[in-house]
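The block underneath contains the structure these notes are about, expressed in structure tokens.
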Amino acid sequence: MNWEESDGKLVRNVKCQDFQEALSLLNKIAVIAESINHHPDLKIYSYKFLRIEIFSHDSNSITSKDHELTRKIDHVFASN
């Protein structure tokens, strides 16, 4: 769902309604990432856009753990 592969990472850019929504989504993703001990690169830019980049830092590649995290993040977007 809206993920693309770019430079060896799974990437998703999300346009939110405002900064508050972007920050709320970032925080929900952070909770999930902590729960599975797999941390994406997250960035809020232009006040209402959220960029998510996922790859396994230790192997510098995309692994099954990355796909697991994208599925969990997709559930956040589906329920939002």
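FYI, it's all coordinate maths here, none of it is from the lab. This one's a predicted model, so the numbers in the text were calculated from it and none came from an experiment. Cβ coordinates were reconstructed from backbone atoms using ideal geometry, including for glycine residues, and neighbour counts include every protein chain displayed.
Evaluating 6.51 cos²θ - 1.76 cosθ + 1.60 at θ = phi - 60° for every residue in the stretch 11-22, the Karplus couplings come out as 10, 9, 10, 10, 8, 9, 5, 6, 4, 4, 5, 4 Hz, glycine and proline recorded as x. By the beta-carbon count within 10 Å of each Cβ, the least crowded to most crowded order of T63, T70, fewest first, is T63, T70. Only helices enter this figure: runs of n ≥ 4 DSSP H residues, each worth -39500 (n - 2.57), summed and divided by the residues of the chain, yield -14000 deg cm²/dmol at 222 nm to the nearest 500.
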